[in-house]
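A quick write-up on the structure given underneath.
Please treat every number below as a calculation from the coordinates, not as lab data. Everything numeric here is computed off the predicted structure, so don't read it as measured data. Neighbour counts run over all protein chains shown; Cβ positions are idealised from the backbone, glycine included.
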Amino acid sequence: MSSTITYSPAYTLVPTYECFNHCSYCNFRRDPGKDSWLTLEEAKQRLVSLQGKGVWEILILSGEVHPHSPRRQAWFQHIYKLCELALDLGFFPHTNAGPLFYSEMKQLKQVNVSMGLMLEQLTPKLLETVHKNAPSKEPEMRLQQLAWAGELKIPFTTGILLGIGETEADWRDSLSAIAQQHQSWGQIQEVILQPHRIGSQQSWTKDGFNLEEFPKLIRKAREILPSEIGIQIPPNLIEDSQFLLACLEAGTTDFGGIGVIDEVNPDYPHLHPDSLEKILKQGGWELQPRLPVYPRYYPWLVSHLLDQKTLKSA
């Protein structure tokens, strides 16, 4: 009997690439005021073209507008309307737009089946290096987001970024903090283990994470995290197919959202699921699509989102 690896058939909508943070390893952001926002009409055209094409998740992935910017409310309302649009067209929104106010998270729960935010790393020392110009990467602020997700009963994805100047002890501390959050609230669907890979747009040019360490880290994550939490890795960042299979053997359970473009790592395109499936069969694995909300969280969904889920599975 083959083992199963899941993934979410996904498409990413980016409301804006502008971001007040400036992480030195980022290949996504543009300076505030230097990027036009995606219009609702443009978004509708894209989403309509995806109907009937096997896409389930719409990832709303945005650069961050400063919490005290006069544009913050307009930015948030735009994200909300994009989620509404995705729902109206039969898709399942999952928003990752940086740290949000509690009130913003509460509102987005009405139009998202799940949400996410990377913890990245718990250690504050990165605020002196790669996060020096990124105030919203303050670790306690990001931990607070996980706690609020628990209080609000929002199914949540988080994770750690590897190869940005952290130590092995930092990995353990970050994973342990996530585990503690989940033990308090039960809100963590999956944890992403994301190795940093150098891209063409970043200013930080140091070598990132040593991929040879990846299976060991996956095994350590499986030891630290509660068993019901999925362990997700991005398959487009692992070029060797046999090594990818080794990462599955180490405890990986999920590949996350797979679409046309990885907006965070645009230099590393996703393989088509058919190509991934051929690789997995070599090791006796089966690739299976899933919704962006795990079944155990269906009771957390507001009623109209549950209806949406029921229609999808009918």
Cα gyration tensor shape for the range 232-302, rounded if a/c is under 1.5, else prolate or oblate: oblate
Cα gyration tensor shape for the range 3-301, rounded if a/c is under 1.5, else prolate or oblate: rounded
Computed FRET value (nearest 0.05) for ALA74 with GLU168, which takes r as the C-beta separation and R₀ as 30 Å: 0.10
Helical mean residue ellipticity (222 nm; -39500 (n - 2.57) per DSSP H run of 4+; nearest 500) of the chain: -10500 deg cm²/dmol
Pairs beyond 32 Å (Cα-Cα), from LYS81/LYS278; LYS44/LYS125; LYS34/LYS81; LYS81/LYS281; LYS153/LYS278; LYS125/LYS278: LYS81/LYS278; LYS44/LYS125; LYS81/LYS281; LYS153/LYS278; LYS125/LYS278
Gain in span if fully extended, GLN110 to ASN133, counting 0.36 nm per residue against the direct Cα distance: 5.0 nm
Linear extension gain, HIS66 paired with GLU151, 0.36 nm per residue minus alpha-carbon span: 28.2 nm
Cα-projected label distance for VAL48 with MET141, points at 7 Å along beta-carbon direction, nm: 3.9
With at most 12 other Cβ atoms within 10 Å, longest stretch of the chain clear of loop trypsin sites (Lys or Arg not before Pro) (DSSP): 54-314
Estimated FRET transfer efficiency (GLU239, THR4; beta-carbon r; R0 22 Å; 0.05): 0.40
Cβ-based charge dipole, the range 3-301, positive-most Cα from THR253, HIS78, ILE192: HIS78
FRET E, pair LEU40, GLU277, Förster distance 22 Å, beta-carbon r, rounded to 0.05: 0.05
Charged-residue dipole, Cβ positions (Lys, Arg, Asp, Glu), the chain about Cα centre, Debye nearest 20: 580
Cleavage-rule hits (GluC sites (Glu not before Pro)) in the range 204-294: DSSP loop, at most 13 neighbouring Cβ within 10 angstrom: GLU228, GLU239
